[in-house]
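The values are calculated or read from the model by the stated rules, or taken from the named source; none is laboratory data. Predicted, not measured: the structure shown is a model, and the values here were computed from it. Note that we place each Cβ from the backbone using ideal geometry, even for glycine, and neighbour counts take in every protein chain shown. For the accessible areas, the whole protein counts, side chains as well, though only heavy atoms, and no ligand, DNA or RNA atoms are used. Shrake-Rupley method; radii C 1.70, N 1.55, O 1.52, S 1.80 Å.
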Amino acid sequence: MLKSKIQSLERISSSSSVVFKILKSRNIATTTGSSSSNGVPKEKVDCVVIGAGVVGLAVARELTLKGREVLVLESASTFGTGTSSRNSEVIHAGIYYPPNSLKAILCVKGRELLYKYCSEHNIPHNQIGKLIVATGSSEIPKLHNLMNNGIKNGVGGLVMMEGSEATRMEPELRCLKALLSPVSGIVDTHSLMLSLVGEAENHGTTFSYNTTVIGGHIEENRLSLHISETRHLENWNGKFPLQPEMVLIPKLVVNSAGLSAPVLAKRFDGLRSAVIPPAYYARGCYFTLSNTTICPFKHLIYPLPEDGGIGVHVTLDLNGQVKFGPNVEWIDGIDDISSFLNKFDYSVCTNRAKLFYPEIRKYYPNLKDGSLDPGYAGIRPKLSGPRQSPVDFVIQGEDIHGITGLVNLFGIESPGLTSSMGVAEHIATRFFRC
């Protein structure tokens, strides 16, 4: 289901960037424009959100509901073509993250807001619950630590159970112990994003697709954004510096560019490089279960977390399709422009299935040979690399970098989807008056 949505999103071809037409027709509030010394038009605007992934959409909606004039700039031809459409579509409880971290706080808050929003807006979702399993005796203490951590984070309803009890719930499951999280669930991310776009537009947000922010500069302690139509970057040969076609001067900028957020921040001339964390990229592949007419599980099934991720797990979509993944493949970054254009390698090698079978069979021993088909891949925007401790979300404002009206969002990986509305509320509350 999600794979087909990714393909349909990629086929959408909106008209060329409309930001220039928008500003000329004053569909959003701007002040009288001017030109720079090199003839590039300049316009003052209220709020700009860079990136139309689920977090950017939630932020735009929240700001516009509070009365700000919001312009969303997205380099792709439509919303949600990156990490937001290439994930497990899981609503997380908030179990894994260090107490008092942004991930813990915003996941728990975001989950509550997300379930409420989905119910009120008829977004397909299902609170099916999750079982985190220990398949070896050495894993049992870790499972108890997870439960204690979840309780500290305010996650309700957690139940530790023996393997036999878990098997009664899920006959195909094999484990020694399991931690039940009844508040975990799944959501149709495309429907969620479509609803966020519609509500934001209905309250005045303007979306400009095929529009790339290629950099910026600091002037009078505010960030001016350098804008180009995406089509002009497609064939850029790198021999000459990129020149903006327009400069926007917003009162508030939210850098929600996902995978390219740190790369873009490095191109904000005048922003201290010391405040920009290093970026790491972890590709995760998913395989789907084939050759079965009966879904083997009713709950999400998760092993204990691994280096760089939370393990090759079982997730279900709302059509009942079973997916296994993601694994963790550390990859190198790509050049800036390719990053802006989301030209990462999302291919899924069929041969990687042989690495999935033994991991899955630790808790699902009846998995048959030849039953895994390549699904899709996503890439996590991480701030920690191999064998490094996980790093918290970074929501960076003037108190950190000293630039008025700039909010950088770095490392918004899992649980970014679950946290999206919590992040939006946090930003609107903390930075609204910029």
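Below is a table of values for the structure above.
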| item | result |
| --- | --- |
| Value of [θ]222 nm, deg cm²/dmol, for the chain, DSSP H segments ≥ 4, -39500 (n - 2.57) each, nearest 500 | -8000 deg cm²/dmol |
| On Cα atoms only, tilt of 416-431 relative to the major axis of the chain in degrees | 40 |
| Over the stretch 36-79: Kirkwood hydrodynamic radius from C-alpha pairwise inverse distances, Å | 11.7 |
| Relative contact order [Cα under 8 Å, 6+ residues apart], the stretch 274-426, whole percent | 29 |
| Of Lys116/Lys298; Lys109/Lys323; Lys298/Lys343; Lys130/Lys266, those spanning more than 32 Å from alpha-carbon to alpha-carbon | Lys298/Lys343; Lys130/Lys266 |
| Volume per residue of the C-alpha convex hull in the stretch 127-269, rounded to whole Å³ | 239 |
| Using alpha-carbon coordinates, inclination of helix 54-65 to the longest axis of the chain, degrees | 60 |
| Distance between the stretch 316-350 and the stretch 113-152 - C-alpha centres, whole angstrom | 23 |
| Accessible surface ranking that places the most exposed of Arg387, Arg222 first, with a 1.4 angstrom probe | Arg387, Arg222 |
| Packing-based ranking, highest mean first, of 390-402, 155-167, 191-203, 40-52 given that Cβ atoms within 10 Å are counted | 40-52, 191-203, 390-402, 155-167 |
| Antiparallel DSSP beta bridges within the chain, percent to nearest 5 | 70 |
| Area of Ile95 that stays accessible when all protein chains are in place (1.4 Å probe, Å², to 10) | 0 |
| Volume per residue of the C-alpha convex hull in the stretch 85-197, rounded to whole Å³ | 117 |
| Calculated SAXS-style log₁₀ I(q)/I(0) at q = 0.17 Å⁻¹ - the stretch 254-316, Debye, Cα scatterers | -0.77 |
| Shape call, the stretch 127-189: gyration tensor on alpha carbons, a/c limit 1.5 | oblate |
| Cα-centre dipole for the chain with unit charges at Cβ (Lys and Arg positive, Asp and Glu negative), debye to 20 | 160 |
| Within the accessible area of the chain (1.4 Å probe), percent carbon and sulfur | 50 |
| Cα-based Rg of the chain normalised by 2.2 N^0.38 Å, two decimals | 1.00 |
| For the chain: accessible area per residue (Å², 1.4 Å) | 41 |
